[in-house]
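The values are calculated or read from the model by the stated rules, or taken from the named source; none is laboratory data. In this text, all values refer to a predicted model and were calculated from it rather than measured experimentally. Positions of Cβ are generated from backbone atoms using ideal geometry, with glycine treated the same way; all protein chains shown enter the neighbour counts. For accessibility, only protein heavy atoms count, side chains too; no ligands or nucleic acids. Shrake-Rupley method; radii C 1.70, N 1.55, O 1.52, S 1.80 Å.
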Amino acid sequence: MICFSLRCFNGHEYDAWFRDSESYEKQQEMHLVACPQCGVCEVSKAIMAPNLKLTSKKSDNTPLVSPEQQAKHKIRELVTYVMAHFEDLGESFPEEARRIQNGESEARTIYGQATLEEAKELLDDGIEICILPDVPSDA
């Protein structure tokens, strides 16, 4: 997964997650990348600062955060972002994803529930989806 900082034609800036750069480019060409604030599909990558981790010496009373705890925190951030910026369609997600892919519904960012069989069928039909993990309760 990769996170891009994006800017719409109206100047709104936001972050969005994609499987990889190619996935972003493909969705951009299909006008599926839309601003969560105004819905405009004229979106471009914003200038991004590199994510540098500065190291410093740990003091004796600084608690260590395990890689597992860091991963759980990142998962919670991702799921929280999706829930705040995407439309929840519940169990109608697979059908609406197909309608959007076929141009029968407005292109927008959505999420919801799908069985493993439904998710596999969507992927087999070329519909890009991302299965979100359960949010760890102790993250």
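Brief remarks follow.
- Single residue of the range 64-96 satisfying the filter (under 30 Å from Asp124 (Cβ atoms) and of a type in the set (Ser, Thr, Tyr)) that is most open to solvent (accessible area, probe 1.4 Å): Thr80
- Restricting Ala97, Ala114 to those that are within 20 Å of Ala16 (Cβ to Cβ) and in contact (Cβ under 8 Å) with a residue 12 or more places away in the chain reduces the list to Ala97.
- From Glu96, Glu77, residue being among the charged types (D, E, K, R) and at pLDDT 95 or above: Glu96
- With respect to the stated conditions, Ala119 fails to be open to solvent by less than 80 Å² (accessible area, probe 1.4 Å), closer than 24 Å to Cys3 by Cα, in a loop (DSSP other than H, G, I, E, B) and aliphatic (A, V, I, L, M).
- Filtered residue count, the range 16-34, keeping only those that are surrounded by 13 or more Cβ atoms within 10 Å (Cβ to Cβ) and either closer than 25 Å to Ile75 by Cβ or of a type in the set (S, T, N, Q) (or both): 12
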